[in-house]
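Worksheet: one structure, shown below.
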Amino acid sequence: MMKMDEKLFRYYLELKSPEAGEWNTSPQCIYTELVTRDYIRKKFAVTNEIQVCNVGIGTGDWDDYLGYWLKRNGSLTSIDIDKDICELFTYRQQREEHPNPSKVLCKSIFDSDLPKGEFDIVTIIGSAINETGDFEKCLDSCFRLLKHGGYLMFMANFKYSPTEMVEEYIKNTSYLIESRDIFDDYPEYPFYIYKIKK
């Protein structure tokens, strides 16, 4: 079995590999990361003991940012179904001495034993919702995690999750879209971010 330090070293190398590096270093990727981080910073306030949850860890960059953004005033829970991703992310945050590490739950967003009504903000960004395989069921599960009056921040690419799907979903609920912002500076990668109140 590969040791965690070896896995971590391989993770760092893969971020710049020919397969991932071209996208990870592209203006489109950097712009997407900048806008998404700036969005939560401007649209949401960090309050004392705020509880935030992110669905889908991926490389963990977004979760890292959220932990810094919370500045020890609140805590972050990160949910991912992939055991290897969860273990490596947890280990990486320990090794890098992240000052506000995430509490990692290795679970499906569809698991019935996830905490209900516990979070002030839930985020789901990028391809995470598509990877669950069920758009509406995933949003249902995200809203179940939220306290009444809490917010879902949902960011996705038009190509994979058209805004019509979001609007149709919301139409059949009591949730309120507080803002919908479209970012199409790079027409080959247009995306949107919603702030939705439960």
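Would a scan of the stretch 85-106 turn up a residue that is touching a His at 6+ places or on another chain (Cβ under 9 Å), in contact (Cβ under 8 Å) with a residue 60 or more places away in the chain and surrounded by 14 or more Cβ atoms within 10 Å (Cβ to Cβ)?
Checked the stretch 85-106: at least one residue is touching a His at 6+ places or on another chain (Cβ under 9 Å), in contact (Cβ under 8 Å) with a residue 60 or more places away in the chain and surrounded by 14 or more Cβ atoms within 10 Å (Cβ to Cβ).
Where the second residue is surrounded by 11 or more Cβ atoms within 10 Å (Cβ to Cβ) and among the acidic types (Asp, Glu) and the first is under 18 Å from residue 188 (Cα atoms) and lies in the stretch 14-27, which pairs have Cβ atoms under 8 Å and are six or more apart or on separate chains?
Cβ pairs passing all conditions: 20/14.
Yes or no: residue 189 among the hydroxyl-bearing types (Ser, Thr, Tyr), modelled with pLDDT of 95 or more, more than 17 Å from the chain's Cα centre (by Cα) and not in a strand (DSSP E or B)?
In short, no.
For the stretch 46-59: of the residues being among the polar types (S, T, N, Q) and assigned to a loop (DSSP other than H, G, I, E, B), which is nearest to residue 138 (Cα to Cα)?
Across the stretch 46-59, the extreme among qualifying residues is 59.
Give the residues of the stretch 149-183 that are at pLDDT 95 or above and assigned to a loop (DSSP other than H, G, I, E, B), sorted by residue number.
173, 174, 175
Condition test on residue 33, is it touching a helix residue (DSSP H, G or I) at 6+ places or on another chain (Cβ under 9 Å), closer than 19 Å to residue 127 by Cβ and either modelled with pLDDT under 95 or surrounded by 15 or more Cβ atoms within 10 Å (Cβ to Cβ) (or both)?
yes
Tell me which of these residue 139 doesn't satisfy, since it passes every other one: (1) out of contact with any Leu (no Cβ under 6 Å at 6 or more places or on another chain); (2) modelled with pLDDT of 95 or more; (3) closer than 22 Å to residue 42 by Cβ.
(3)
From (1) free of Cβ contacts under 8 Å to residues at least 40 places away in the same chain; (2) surrounded by fewer than 20 Cβ atoms within 10 Å (Cβ to Cβ), pick out the condition that doesn't hold for residue 139.
(2) is the only condition that residue 139 fails.
Just the residues that are touching a residue at least 60 places away in the same chain (Cβ under 8 Å), more than 26 Å from residue 88 (Cα to Cα) and surrounded by 15 or more Cβ atoms within 10 Å (Cβ to Cβ), please, taken from the stretch 44-73.
44
Specify the residue that is surrounded by the most Cβ atoms within 10 Å (Cβ to Cβ); the eligible residues are those in the stretch 107-124 that are part of a strand (DSSP E or B) and in contact with a Cys (Cβ under 7 Å, 6 or more places away or on another chain).
Ranking the qualifying residues of the stretch 107-124, first place goes to 122.
For the stretch 1-45, give me the residue count where each residue is closer than 21 Å to residue 178 by Cβ, in contact with a Lys or Arg (Cβ under 9 Å, 6 or more places away or on another chain) and in a loop (DSSP other than H, G, I, E, B).
Qualifying residue count, the stretch 1-45: 1.
Residues to consider are 117, 126, 133; find the one that is free of Cβ contacts under 8 Å to residues at least 40 places away in the same chain, out of contact with any Lys or Arg (no Cβ under 8 Å at 6 or more places or on another chain) and small (Gly, Ala, Ser).
133
Can residue 97 be described as over 20 Å from residue 152 (Cα atoms) and not in a helix (DSSP H, G or I)?
yes
Is there a residue being in a loop (DSSP other than H, G, I, E, B), under 22 Å from residue 183 (Cα atoms) and under 11 Å from the mean Cα position of the chain (by Cα) anywhere in the stretch 60-75?
no
The values are calculated or read from the model by the stated rules, or taken from the named source; none is laboratory data. These numbers were taken from a predicted model, which means no experiment stands behind them. For neighbour counting, all protein chains shown are included, and Cβ atoms are generated from backbone atoms with ideal geometry for every residue, glycine included.
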